[in-house]
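Written below as structure tokens is the structure these notes are about.
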Amino acid sequence: MFSSLMPKDNSFFDLFDKMCVYLVEGIQILVGMLEKGTEYQEQAEQLKLIEKKSDGVVHQIILRLRKTFVTPLDRDDIFQLVNRLDDILDLSEGAASRINMYQPKQVPPECIELARVLLESARRVKEMIGLLRNLKKSIRIIELTVEVKHFENKADFLRRSLLARLFREEKDVFNLIKWKDILDLIEKGTDRCDDVANISEGIVLENT
């Protein structure tokens, strides 16, 4: 019933897909930045450029939301989705900016793993958002929401475990504060992925 009422204009979905491409691309740079452990400035600038491109897409979605009388999804859902997706990339860019500013000589392996978890969560978000235009695949959307929740829990565990180790082993208090700053931003990215999953689950439950 819902699909028959949806307008033929899929521009909102196309723009969401574009945001998700930038999202995954940006987090891939963050992961590579931590894995490589050098040339932080160049990679931070690349991520900043992607974040600006994504901001342009956010602006397009908000403008279209204001001008469109009948939207394919609830207006509030669209608004919440675009903001949460934007938050994920903003947090990732923020982490990259901090890494570039602090210029760490060594990267804890747990931090690399945390960024990889964020990337895997973002990939699930990308697939999930892509499926919202076809709610006949609602089962897969729900499966993806469960996976994203798993990654959010894993990220929280990794963050807490690394902080506990640093509190025990790190002699430099300033270094401890720097890594806590970076870890918090990356872990919050997985929280925002979980927010996207919750919104998507709500859309499925309301329209199927």
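The values are calculated or read from the model by the stated rules, or taken from the named source; none is laboratory data. Since we're looking at a predicted model, the values are computed, not measured. Counting neighbours? That spans all protein chains shown, and the Cβs are built from the backbone with ideal geometry, glycine included. Just so you know, the surface numbers come from the protein's heavy atoms only, side chains and all, with ligands and any DNA or RNA stripped out. Shrake-Rupley method; radii C 1.70, N 1.55, O 1.52, S 1.80 Å.
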Have a look at Glu152, Glu206, Glu201 and point out the one that is surrounded by fewer than 15 Cβ atoms within 10 Å (Cβ to Cβ) and either closer than 16 Å to Leu34 by Cβ or acidic (Asp, Glu) (or both). Glu206
Let me spell it out: the conditions are (1) free of Cβ contacts under 8 Å to residues at least 24 places away in the same chain; (2) closer than 21 Å to Leu131 by Cα, and Thr38 meets all of them except one. Which number is the exception? (2)
Filter the range 66-77 down to residues that are part of a helix (DSSP H, G or I) and out of contact with any helix residue (DSSP H, G or I) (no Cβ under 6 Å at 6 or more places or on another chain) and give me whichever is modelled with the highest pLDDT. Asp76
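Residues are listed down the side, and each one gets a yes or a no for (1) of a type in the set (S, T, N, Q); (2) surrounded by fewer than 17 Cβ atoms within 10 Å (Cβ to Cβ); (3) assigned to a helix (DSSP H, G or I):
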{"site": "Val117", "(1), (2), (3)": "no, no, yes"}
{"site": "Glu120", "(1), (2), (3)": "no, no, yes"}
{"site": "Val148", "(1), (2), (3)": "no, no, yes"}
{"site": "Lys171", "(1), (2), (3)": "no, yes, no"}
{"site": "Lys180", "(1), (2), (3)": "no, yes, yes"}
{"site": "Asp184", "(1), (2), (3)": "no, yes, yes"}
{"site": "Thr190", "(1), (2), (3)": "yes, no, yes"}
{"site": "Cys193", "(1), (2), (3)": "no, no, yes"}
Answer yes or no: is there a residue in the range 47-56 that is open to solvent by less than 20 Å² (accessible area, probe 1.4 Å) and over 15 Å from the mean Cα position of the chain (by Cα). no
Residue check, Arg75 in contact with a Leu (Cβ under 9 Å, 6 or more places away or on another chain), open to solvent by 30 Å² or more (accessible area, probe 1.4 Å) and under 13 Å from Leu185 (Cβ atoms): no
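Test Ala95 against the stated conditions and say whether it is of a type in the set (A, V, I, L, M, F, W, C), open to solvent by less than 70 Å² (accessible area, probe 1.4 Å) and within 14 Å of the chain's Cα centre (by Cα). Give the derivation first.
Working: of a type in the set (A, V, I, L, M, F, W, C): yes; open to solvent by less than 70 Å² (accessible area, probe 1.4 Å): yes; within 14 Å of the chain's Cα centre (by Cα): yes.
When the stated conditions are applied, Ala95 passes them.
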For the range 31-47, check the following and say yes or no: at least one residue is at pLDDT 95 or above, under 26 Å from Asn198 (Cα atoms) and part of a helix (DSSP H, G or I). yes
